[in-house]
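Asks: I have a structure I would like to understand better, so I am pasting it below and will then ask my questions one at a time.
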Amino acid sequence: MTSISDRPGRWERIGRILAGPGDVGWAISHAALPFAEVREDGRVRVHFCARDRTNCARIGYVDVDPERWTTAGPVSPTPVLDLGPRGAFDDHGVTSAWIVTHEGRRYHYFTGWTLGQTVPFYFFVGLAIGNDDESGPRRVSPAPILDRSAIDPYLTASPCVLVEGGCWRMWYVSGVGWKVESDPPQPIYHIKYAESADGIAWDRRGIVCIDFAAPDEHAIARPWVVRDADRYRMWFCCRGPAYRIGYAESPDGIVWNRRDDAAGLDASASGWDSEMAAYPCIVDHRGVRYLIYNGNGYGRTGFGVARWVCG
């Protein structure tokens, strides 16, 4: 399998896959936070979130032909996951995070958004279980599964979940405060670790996996962890002024060595991903490792793909 290794390499851009949802009724702009799965028919299904006219996000999907990396069908006509009820933690947006298929059940982890007063918004991790059919996945609770706590007093988001030897392992975004001197205030968050026996109730002990590398860095987001034969690898995005792709390695998934110089992808000189590269998603297909990612405007210009090339 082609992968990141001690040999130098880079991501070679293939191109943009989807510029946006089009007007599909539930969304008119953005195609953010892609989550890709290789399906039995050989296609890759990419779940993503898109926004309606009031800027509320919902989660849908599009199927992709991995031979040409072009769409192989329309965007789902209805969202896989819709907004929560008025007053709930996800009444102003649901954004895509991770899907685990375990013992015949599909666990859809997502981030739920609601508006704030003293700060612009709040977001927390939710969970729905079910398939991408007409009934859709159903929330296990009207409340988040990672709510505020002494460990995470501000925000939680964007979980990455692996099941290893009966242990559910999660790497997730944890808010540590707000930059109140900014207008509007900006959230400050990094990546923590948690474990679970069932994927629903999580033991959080405040283990920080990826922390800030510079004084102006205030957001470390969307962890994507892969366990290769020799080590764990994590891609994530981080910013001061604009998002870029970061990278880290670990022998156990808990203690990480951050190596952003090996991330292998910077913003383009021009075009849809010239301002930022964000929200990485790793797909291994037929012996090749691919990176699906967002470009400018937090998904406003859609998502594209690159392949890893050594040397």
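The values are calculated or read from the model by the stated rules, or taken from the named source; none is laboratory data. Owing to the predicted nature of the structure, the values given are computational and were not obtained by experimental measurement. Reconstructed Cβ throughout: ideal geometry from the backbone, glycine too, with neighbour counts over all protein chains shown.
Asks: Considering only residues that are in a loop (DSSP other than H, G, I, E, B) and touching a residue at least 12 places away in the same chain (Cβ under 8 Å), look in the stretch 24-44 and name the one that is surrounded by the most Cβ atoms within 10 Å (Cβ to Cβ). It would help to see each step written out before you state the result.
Replies: Within the stretch 24-44, the first condition is being in a loop (DSSP other than H, G, I, E, B), and the residues that meet it are 24-28, 39-43.
Among the residues that remain, those that are also touching a residue at least 12 places away in the same chain (Cβ under 8 Å) are: 24-28, 39, 42-43.
Details: Val24: 17, Gly25: 12, Trp26: 21, Ala27: 25, Ile28: 14, Arg39: 12, Gly42: 12, Arg43: 17.
Per the criteria, the residue is Ala27.
Asks: Against the condition under 27 Å from Arg227 (Cα atoms), touching a residue at least 12 places away in the same chain (Cβ under 8 Å) and in a strand (DSSP E or B), how does Val125 come out, does it pass?
Replies: Values: under 27 Å from Arg227 (Cα atoms): yes; touching a residue at least 12 places away in the same chain (Cβ under 8 Å): yes; in a strand (DSSP E or B): yes.
So Val125 fits the description; yes.
Asks: Answer yes or no as to whether Gly206 is surrounded by fewer than 19 Cβ atoms within 10 Å (Cβ to Cβ), at positive phi and part of a loop (DSSP other than H, G, I, E, B). It would help to see each step written out before you state the result.
Replies: Details: surrounded by fewer than 19 Cβ atoms within 10 Å (Cβ to Cβ): yes; at positive phi: yes; part of a loop (DSSP other than H, G, I, E, B): no.
When the stated conditions are applied, Gly206 does not pass them.
Asks: Let me confirm something: among Ala267, Ala248, Ala306, which residue is surrounded by 15 or more Cβ atoms within 10 Å (Cβ to Cβ), out of contact with any helix residue (DSSP H, G or I) (no Cβ under 7 Å at 6 or more places or on another chain) and modelled with pLDDT under 95? Steps first, answer last, please.
Replies: Details: Ala248 fails: modelled with pLDDT under 95; Ala306 fails: modelled with pLDDT under 95.
Exactly one residue qualifies, and that residue is Ala267.
Asks: Considering only residues that are closer than 14 Å to Phe123 by Cα and small (Gly, Ala, Ser), look in the stretch 135-167 and name the one that is nearest to the chain's Cα centre (by Cα).
Replies: Checking each candidate, the answer is Ser158.
Asks: Another question about this same structure. What's the number of the only condition in (1) within 30 Å of Arg45 (Cβ to Cβ); (2) modelled with pLDDT under 95 that Arg169 fails to meet?
Replies: (2)
Asks: Look through the stretch 1-17, keep the residues that are crowded, with 21+ Cβ neighbours inside 10 Å and either within 18 Å of the chain's Cα centre (by Cα) or not in a strand (DSSP E or B) (or both), and return whichever of them is modelled with the lowest pLDDT.
Replies: Residues of the stretch 1-17 that are crowded, with 21+ Cβ neighbours inside 10 Å, as a first pass: 4, 11, 17.
When the remaining residues are screened for being either within 18 Å of the chain's Cα centre (by Cα) or not in a strand (DSSP E or B) (or both), the result is 4, 17.
Values: Ile4: 52, Ile17: 98.
The selected residue is Ile4.
Asks: How about the stretch 145-172: which of its residues are acidic (Asp, Glu) and part of a strand (DSSP E or B)?
Replies: Restricting attention to the stretch 145-172, the residues satisfying the condition of being acidic (Asp, Glu) are 147, 152, 164.
Within the stretch 145-172, Glu164 is the sole residue that qualifies.
Asks: Does Val64 meet the test of being in contact with a Leu (Cβ under 9 Å, 6 or more places away or on another chain), assigned to a loop (DSSP other than H, G, I, E, B) and within 26 Å of Val161 (Cα to Cα)? Please lay out each step first, then the result.
Replies: Numbers: in contact with a Leu (Cβ under 9 Å, 6 or more places away or on another chain): yes; assigned to a loop (DSSP other than H, G, I, E, B): no; within 26 Å of Val161 (Cα to Cα): yes.
So Val64 fails the test.
Asks: Taking Phe236 and the conditions (1) in a loop (DSSP other than H, G, I, E, B); (2) under 29 Å from Ile28 (Cβ atoms); (3) not aliphatic (A, V, I, L, M), which numbered condition does it fall short on, given that it satisfies the others?
Replies: All conditions pass for Phe236, except number (1).
Asks: Check Thr78, Thr54, Thr101 and return the single one that is free of Cβ contacts under 8 Å to residues at least 24 places away in the same chain, hydroxyl-bearing (Ser, Thr, Tyr), in contact with a Phe, Trp or Tyr (Cβ under 8 Å, 6 or more places away or on another chain) and surrounded by fewer than 23 Cβ atoms within 10 Å (Cβ to Cβ). Spell out the reasoning first.
Replies: Values: Thr78 fails: free of Cβ contacts under 8 Å to residues at least 24 places away in the same chain; Thr54 fails: in contact with a Phe, Trp or Tyr (Cβ under 8 Å, 6 or more places away or on another chain).
From the options Thr78, Thr54, Thr101, the qualifying one is Thr101.
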